[in-house]
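Reviewing the structure listed below.
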Amino acid sequence: MFLERTRKANQKTGWIEVIAGSMFSGKTEELIRRLRRAEFAKQKVEIFKPSIDVRYSEEDVVSHNANAIRSTPVSSSSNILLLATDVDVVGIDEAQFFDNGIVDVCTTLANNGVRVIVAGLDMDFMGRPFGPMPALFAIAEDVTKVHAICTHCGELAQYSYRKSQNKGVVLLGEKDIYEPLCRKCYNEATENDKNNQ
Ligand code: ZN
């Protein structure tokens, strides 16, 4: 399981943590859990998310269980550096929707002594690595993969299967559109879709 590093007083050492998984894998809940613990430790926390994700609330990082924490929507990764001043911890949610500049932003923050916790989808609905996530995996000190439960067979799920036939990479939605599936069930479902076209 994931254990936080502890920050010694007056020792400004930054690092990068990534939390990744499919839809409904609990990655935002895990991000919120870590951020709350930092708040309990009296650390200054700022949270950002891409302004594209307006599914729930403009100002809150909200996970599916409505365990909300205040966040700032930003249109570009470079805005994070402008807004994250004098903080100990920066949380970034839905990182897969950010531009590739997010990689340098995370590095700069960590080099400046900030603990950076990034959460995002590792794969899109086609099972392809999503946006800047592979690069974020590469530069992080620590990567945690979280899993949903396959709605077909109960195994651990790592795919976000899209029930709709819309093929755009970005289609915001919930259980009406996406379903977590394991590798076997995902392959069966996509094979079925091909045969039904
Ligand atoms: Zn399955």
Reported set for region 86-114 where residues are of a type in the set (D, E, K, R) and in a loop (DSSP other than H, G, I, E, B) is Asp86, Asp88, Asp93, Glu94, Asp99
Six or more apart or on different chains, Cβ under 6 Å: which pairs go from a residue in region 24-48 that's closer than 13 Å to Asp88 by Cα to one that's assigned to a helix (DSSP H, G or I) and among the acidic types (Asp, Glu)? Could you list them? Val45/Glu39
Apart from one, (1) open to solvent by 90 Å² or more (accessible area, probe 1.4 Å); (2) modelled with pLDDT of 90 or more all hold for Glu179; the odd one out is (1)
Those residues of region 123-134 that are surrounded by fewer than 21 Cβ atoms within 10 Å (Cβ to Cβ) and either within 16 Å of the ligand (Cβ to nearest atom) or assigned to a helix (DSSP H, G or I) (or both) come to a total of 3
With the checklist (1) exposed (fewer than 14 other Cβ atoms within 10 Å of the Cβ); (2) charged (D, E, K, R); (3) more than 21 Å from Glu17 (Cα to Cα) in hand, flag the one item Arg70 doesn't pass. (3)
Restricting region 135-171 to residues that are modelled with pLDDT under 95, closer than 17 Å to Glu94 by Cβ and open to solvent by 60 Å² or more (accessible area, probe 1.4 Å), which is nearest to the ligand (Cβ to nearest atom)? Val169
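The values are calculated or read from the model by the stated rules, or taken from the named source; none is laboratory data. Nothing here was measured: the structure is a model prediction, and the numbers come from that model. Glycine gets a Cβ as well: all are built from the backbone with ideal geometry, and neighbour counts include every protein chain shown. Ligands, DNA and RNA are stripped out before the accessible areas are found, and what is left, the full protein with its side chains, is counted by its heavy atoms. Shrake-Rupley method; radii C 1.70, N 1.55, O 1.52, S 1.80 Å.
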